[in-house]
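Undergrad: Structure provided below as structure tokens; questions to follow.
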Amino acid sequence: MWRAQFIGAWAVLLLGLFIIVFSIPLQYYTELGPGPGFLPLLLGIGILIGGVIEVVKAFMAKNKTGQGVFLTPRSKLGFQMLGLIVVGFLLIPVLGISFGLSLCTAAAMKVIGKHKVLTCGLTAVGSAIFIHYVFGQWLDIPLPKGLIGW
Amino acid sequence: MGFSISMTWENLLYCLAGCFVGQLVGVLPGIGAPTAVALLLPLTFSVNPTSAIILFAGIYYGVAYGGTITSVLINVPGESSSVMTCLDGYQMAKQGRAGAALSVAAIGSWIAGTLSVVLLMAFAPALAKFALRFGPPEYFGLAMMAFGMLTVFGGGDPIKIIISTLVGLFLAIIGLDIVSGVPRFAFDIPQLLGGIDFIVIICGIFGLAEVFNSLEQEQETELLKQKIKLKDMFLNWDDWVASRWAIFRGGVIGFFIGLIPAGGITTASFLAYLAEKRVSKHPEKFGTGVIEGIASPEAANNAASISGFAPLLALGVPGSPTTAIMLAGFMMWGIRPGPLLFQNNADLVWGLISSKFIGNFLLVCMNIFLIPVFVSMLRVPYTILMGFIVIFASIGAFTTNNSLFDIWMMMGFGILGYIMTKLKYPIVPLVLALVLGRLAENSLRQSLMISGGDPTIFFTRPISLLFMALAILAYLTPIFRWGLKRAGYGKVSLNVESL
């Protein structure tokens, strides 16, 4: 966990630097008053200072091993879910949002929840119908359609 | 006037739906009030704003009721605001008094909730009238005070709270600058020119991140195998005598904590429990199943969830993440909360306030008669629920601009939310800063334009000075706490974690 905190602190510090660098070209002050770069620059400085403090705190931490772990054995479930969501999103242009997201849900139930294939299949069909009729028809949201027109 | 609006069939149905969903959300693990409101907000684009806000208000205070069920029956708070209820509620359930525990929580919440609505009716218009005096410096001071309060009530590392707030402010300013029209941090990406939509961020940071975090947590909990009959739900005379003042005290504490920006319902229930323990004749019994230990925090969290609407409606400043999302909803519907809301949208304000009377009554009925239904919901596996959270979050993000780009961005924010939670960077300050970011920047720039660049304008006007002084005090609180701790004054933290 210490390493994760350390990397996180550096990420904050770099974000602060990034904001400062990209706010410098924006006008800091105009004849009317503060310009578009005024607040971003202050925010960048604030985040940078915060990042520096966190980096220093991480360096000075007495116990660098006993702070728990960033990734637990159960973290792989989160990564599996993330992978399935990415696949689901990639399928949207092909299958439409109804079937893309429903398949993602069914796959997650099977892979992570170890539910029966029939349960997963019924959930997929049910949620596709739910999305199509509730969101697409009733709420009139122009949902992306796939090859089968849903 | 309010009842003529809230008593229409349409609004009654929205109120009932909100209370039911809120109760359900409170019961189900891995989904909280902000997530529920965030996921449902995009679906209310075409709904009448009054009905939509009645729905969301129902969810908000419904959650405060629902979280109690899991606290009492499985010793797991459905919501952070029900943490204190676990202490005595679960013990009472183990003694075979789950019905009485749930009942006192429901009735206490109803009494305190109704008291809070009455106080809100008196207080909110007065606050709005007072806020008519506010100019840009006062609004900037108010935003600073709201951010500062997060370091007092937020819990956790104050530096991380400040970083989280600053990141939220940064996200809020992405896109075209309103004054000069200059794009900021858009990097020639057309979708970023209009800024990152708030809904995209909250769907990711609350919806998806919640899924990733919940999957990591072990959820093996044992439901107490206890049949709760209707007659178990009625309190006996001793219970009434023991809990009546606890409900009143909890309600008053909850009402005032809810008025503070970032005060929140969790803090209210925590302080009410501590206060009750302090005034009790038998403090040593707290934690062993005393009814006051449930009555007071439950009354407080419900009262706070109602009074939290006062700063939102009268000042346009949210007091909690859920009301922050509702503020975004107001903006989405083209309504600007603040002092003029009471004049320009009186029907909405009074319709909302009067709906709380009805909602509280519906919830107490639900909690007495529908407990078995909600208990059965506890058996829904999270692996089914998470799929629906992903669906709602994705469609919610899509509806903001009808663009797949937003769905991918929502996923990015989901990952950010997950990492922030793991590294203990709180999410709430980011959300609050995100909502108040534009207000803070505009009022800062306008104030400095008025004063010709002189920052003392924030310290020379009395109201603004008061807000800035409170903000500075709030930011200095961690240093005071650290000093007191070093001086040997022990636990001085207001956080739930300090228990």
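Every number here is computed from the coordinates shown, using simple stated rules; none is lab data. Given the structure is predicted, the values throughout are model-derived calculations rather than measurements. Using ideal geometry, Cβ is built from the backbone for each residue, glycine included, and neighbour counts are taken over all protein chains shown.
Undergrad: At what distance in nm do the modelled label points of B:Ile178 and B:Trp240 sit from each other, each positioned 7 Å from its Cα along Cα→Cβ?
TA: So the label points at B:Ile178 and B:Trp240 sit 5.4 nm apart.
Undergrad: Within region B:104-202, report the trypsin sites (Lys or Arg not before Pro) that DSSP leaves as loop and that have at most 11 other Cβ atoms within 10 Å. Intermediate results must be reported in sequence, preceding the final value.
TA: Details: sites: B:Lys129, B:Arg133, B:Lys160, B:Arg184; in loops: B:Arg133.
Sparse-neighbourhood loop trypsin sites (Lys or Arg not before Pro): B:Arg133.
Undergrad: I've got another one for you. Working from Cα positions, state the angle (0 to 90°, nearest 10) between the long axis of helix B:404-422 and the longest principal axis of chain B.
TA: Between helix and principal axis, roughly 60 degrees.
Undergrad: Round to a whole angstrom and tell me the spacing of the C-alpha centers of region B:19-60 and region B:89-113.
TA: Answer, in whole Å: 24.
Undergrad: Using a simple charge model, +1 on the beta-carbon of Lys and Arg, -1 on the beta-carbon of Asp and Glu, nothing else, what dipole does chain B show about its Cα centre, in debye to the nearest 20?
TA: On the way: 28 positive and 25 negative charges, 205 e Å.
About 980 debye.
Undergrad: Count, for each residue of B:16-23, the Cβ atoms from other chains sitting within 10 Å of its Cβ, then give me the mean as a whole number. Walk me through the numbers before you get to the answer.
TA: Numbers: counts 0, 0, 0, 0, 0, 0, 0, 0.
Averaged over the peptide's residues, the number is 0.
Undergrad: Moving on. Relative to the present Cα-Cα distance, how much length would full extension add between B:Leu465 and B:Lys129 at 0.36 nm per residue of separation?
TA: Details: separation 336, 0.36 × 336 = 120.96 nm, distance 1.90 nm.
Stretched fully, the B:Leu465-B:Lys129 segment lengthens by 119.1 nm.
Undergrad: Additional query: So what does the Cα-only Debye profile of region B:363-479 read at q = 0.11, 0.13, 0.20 Å⁻¹, as log10 I(q)/I(0), no solvent term?
TA: So the normalised log intensities work out to -0.75, -0.90, -1.14.
Undergrad: Given a Förster distance of 22 angstrom, what is the FRET efficiency for A:Val117 paired with B:Phe388, based on the Cβ-Cβ distance and rounded to 0.05?
TA: Numbers: r = 19 Å, r/R0 = 0.88.
According to the calculation, E is roughly 0.70.
Undergrad: Over 26 Å between Cα atoms: which of B:Lys277/B:Lys485; B:Lys277/B:Lys356; B:Lys424/B:Lys485; A:Lys114/B:Lys424 fall into that group? Provide the component values of the computation, followed by the final result.
TA: On the way: B:Lys277/B:Lys485 22 Å; B:Lys277/B:Lys356 29 Å; B:Lys424/B:Lys485 22 Å; A:Lys114/B:Lys424 31 Å.
Cα-Cα > 26 Å for B:Lys277/B:Lys356; A:Lys114/B:Lys424; rest within.
Undergrad: Here is a further query. What is the pair-distance distribution P(r) of region A:75-138, computed from all Cα-Cα distances in 10 Å bins starting at 0, with each bin given as a whole percent?
TA: 25, 49, 24, 2
Undergrad: Consider just the alpha-carbon atoms of region A:12-150 and return their Rg together with their Dmax, both in angstrom.
TA: That works out to 24.0, 69 Å for Rg and Dmax.
Undergrad: Going out from 0 in 10 Å bins, what whole percent of all Cα-Cα distances in the protein assembly as shown drops into each bin?
TA: Pairs per bin, as whole percents: 3, 15, 26, 28, 20, 7, 1, 0.
Undergrad: Also, I was wondering about something else. Using +1 on the beta carbon of Lys and Arg, -1 on that of Asp and Glu, and nothing else charged, what's the dipole of the protein assembly as shown about the Cα centre, debye to 20? Write down the numbers at each step before the final one.
TA: On the way: 38 positive and 28 negative charges, 280 e Å.
Here the protein assembly as shown has a charge dipole of around 1340 debye.
Undergrad: Largest first and to the nearest Å, give the Cα extent of chain B along each principal axis.
TA: 67, 51, 49
Undergrad: Hey, what angle do you get for helix B:428-450 against the long axis of chain B, alpha-carbon based, 0 to 90 degrees rounded to 10?
TA: Here the helix axis deviates by roughly 40 degrees.
Undergrad: Show me the trypsin sites (Lys or Arg not before Pro) within region A:10-108 that DSSP assigns to loop and that have at most 16 other Cβ atoms within 10 Å of their Cβ. Show your work: numbers first, answer last.
TA: Numbers: sites: A:Lys57, A:Lys62, A:Lys64, A:Arg74, A:Lys76; in loops: A:Lys62, A:Lys64, A:Arg74.
Within region A:10-108, the qualifying trypsin sites (Lys or Arg not before Pro) (loop, at most 16 other Cβ atoms within 10 Å) are A:Lys62, A:Lys64, A:Arg74.
Undergrad: Run the reach check for B:Lys422 against aspartates and glutamates, Cα to Cα strictly under 13 Å, same-chain hits fewer than 8 apart removed. What comes back?
TA: B:Glu210, B:Glu216
Undergrad: Count the net charge of all other residues whose Cβ sits under 15 Å from the Cβ of A:Ala106, scoring Lys and Arg as +1 and Asp and Glu as -1. Show your work: numbers first, answer last.
TA: Working: positive: A:Lys110, A:Lys114, A:Lys116; negative: none.
Net of charged neighbours comes to +3.
Undergrad: With r as the distance between the Cβ atoms of A:Ile45 and B:Phe187 and R0 = 25 Å, compute the FRET efficiency 1/(1 + (r/R0)^6) and round to 0.05.
TA: On the way: r = 21 Å, r/R0 = 0.84.
Calculated transfer efficiency: 0.75.
Undergrad: Tally Lys and Arg at +1 and Asp and Glu at -1 over the other residues with C-beta under 15 Å from the C-beta of B:Gly194: what net charge comes out?
TA: Net charge around B:Gly194: -2.
Undergrad: Next question. Ignoring GluC sites (Glu not before Pro) that are buried or in helix or strand per DSSP, and keeping those with at most 11 other beta carbon atoms within 10 Å, what is the longest stretch of chain B between them?
TA: Values: sites that count: B:Glu218, B:Glu220, B:Glu222.
It runs B:223-499.
Undergrad: How many nm separate the modelled label positions at A:Tyr29 and B:Phe361, each set 7 Å beyond the Cα in the direction of the Cβ?
TA: Label-label distance for A:Tyr29 and B:Phe361, simple model: 6.1 nm.
Undergrad: Using the Cβ atoms and a cut-off under 15 Å, what net charge is assigned to the surroundings of B:Ile265, where Lys and Arg are +1 and Asp and Glu are -1? Before the final figure, lay out each step's value.
TA: Numbers: positive: B:Lys356; negative: B:Glu79, B:Glu298.
After counting each charged neighbour, the total is -1.
Undergrad: Any idea what diffusion coefficient region B:1-125 gets from Stokes-Einstein, in µm²/s, Kirkwood Rh on alpha carbon pairs, 37 °C, 0.692 mPa s? Please list the in-between numbers first.
TA: Values: Rh = 15.4 Å.
Estimated via Stokes-Einstein, D reaches 213 µm²/s.
Undergrad: Also, quick follow-up: Taking only Cα atoms, what is the 0 to 90° angle, nearest 10, from helix B:83-94's long axis to the longest principal axis of chain B?
TA: The two axes meet at around 20 degrees.
Undergrad: If you don't mind, there's one more thing I want to ask. Suppose a student asked you for the relative contact order of chain B, using Cα pairs under 8 Å spaced at least 6 residues apart; what percent would you report?
TA: Worked out over chain B, it gives 29 percent.
Undergrad: Can I ask one more? Apply 1/(1 + (r/R0)^6) to the Cβ-Cβ distance of A:Tyr133 and B:Leu476, taking R0 = 60 Å, and write down the FRET efficiency to the nearest 0.05.
TA: Working: r = 55 Å, r/R0 = 0.92.
Working from the Cβ atoms, E equals 0.60.
Undergrad: For labels at B:Val373 and B:Lys285 in the simple 7 Å Cα→Cβ model, what's the distance in nm?
TA: Simple spin-label model gives 3.5 nm for this pair.
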